[in-house]
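The values are calculated or read from the model by the stated rules, or taken from the named source; none is laboratory data. Model, not experiment: these values are computed from the prediction. Note that each Cβ is placed from the backbone with ideal geometry, even for glycine, and that neighbours are counted across all protein chains shown. Only protein heavy atoms, including side chains, enter the accessible area calculation; ligands, DNA and RNA are left aside. Shrake-Rupley method; radii C 1.70, N 1.55, O 1.52, S 1.80 Å.
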Amino acid sequence: KRIYNMITKIVVENFKSFEKRTELNMISSSKIRLNPDHCISTNGPRLLKHAAIYGANAAGKSNLIEAISFFKYTVINGLPLFCTNLFCKNDEENSKKESLFEIQFELYNKFYAYGFSAKLYEKNITAEWLYELKISGASNCIFERDKDNNAKIGNGIKLTKEERIRFDTYASDFSGNSSELFLRELGKGKKYRPDSEMLVFEKIYNMIKDK
């Protein structure tokens, strides 16, 4: 059975040279679909096999790579001390605004969107989310975390009563942690049953950490 673990979209906002929401999207256009060798068929949209990033000096190419590295670092380690200087400097008001980072990806034949927002100048995570994306365009929330660092389970994951209590315990212990991500809490070093849907946290955490 075909299994791809692929990033399909990267979203960055208010990070270094990226003031406005910026996307790198790997979903093929109708023109590219006429060249099937350039695409990969999935259970959802057709995806590009490759992408090239090009532009003039100081156009932001390196900053996109830094944004991806920053995203990965924060998932694994939490917000770094130097993040307070990484908001877009085009406007001094940006220091008060949230920065946003999100990846959409295919993992074991399902599509997900995971991301977080933060006020970098304050070294404060303001939101975090994980959704399963459906082919129909709908999405199911797996978990969300609000500005008060309270994480809540969504209807996109089926947990037993025992697992729900376990999730709520993790969320309660994590409450008040404004510099680290809840995905790491759920995905690192936990022991889930082989048939538990909570394994999705471990799989996604390891995908970001290792790949």
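For the reader, a short list of remarks on this structure follows.
- Filtering the range 53-74 for residues that are aliphatic (A, V, I, L, M), modelled with pLDDT under 95, touching a Phe, Trp or Tyr at 6+ places or on another chain (Cβ under 6 Å) and not in a loop (DSSP other than H, G, I, E, B) leaves an empty set.
- Positions within the range 104-152 being farther than 20 Å from Ile76 by Cβ, part of a loop (DSSP other than H, G, I, E, B) and touching a helix residue (DSSP H, G or I) at 6+ places or on another chain (Cβ under 8 Å), in sequence order: Tyr108, Asn150
- Residues of the range 90-122 that are over 17 Å from Ile40 (Cβ atoms), in contact (Cβ under 8 Å) with a residue 40 or more places away in the chain, open to solvent by 10 Å² or more (accessible area, probe 1.4 Å) and in contact with a Lys or Arg (Cβ under 9 Å, 6 or more places away or on another chain): Asp91, Lys97, Glu98, Leu100, Glu102, Ile103.
One line per residue, one yes/no per condition, for (1) surrounded by 11 or more Cβ atoms within 10 Å (Cβ to Cβ); (2) hydroxyl-bearing (Ser, Thr, Tyr); (3) at pLDDT 85 or above:
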site	(1), (2), (3)
Thr8	yes, yes, yes
Asn14	yes, no, yes
Lys20	no, no, yes
Leu24	yes, no, yes
His38	yes, no, no
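- Entry remark, the range 152-204: residues being open to solvent by 40 Å² or more (accessible area, probe 1.4 Å), touching a Gly at 6+ places or on another chain (Cβ under 7 Å) and farther than 20 Å from Ala118 by Cα number 1 in total.
- Of all residues in the range 123-140, those satisfying the criterion of being of a type outside the set (S, T, N, Q) and surrounded by 16 or more Cβ atoms within 10 Å (Cβ to Cβ) are Lys123, Ile125, Glu128, Trp129, Leu130, Tyr131, Glu132, Leu133.
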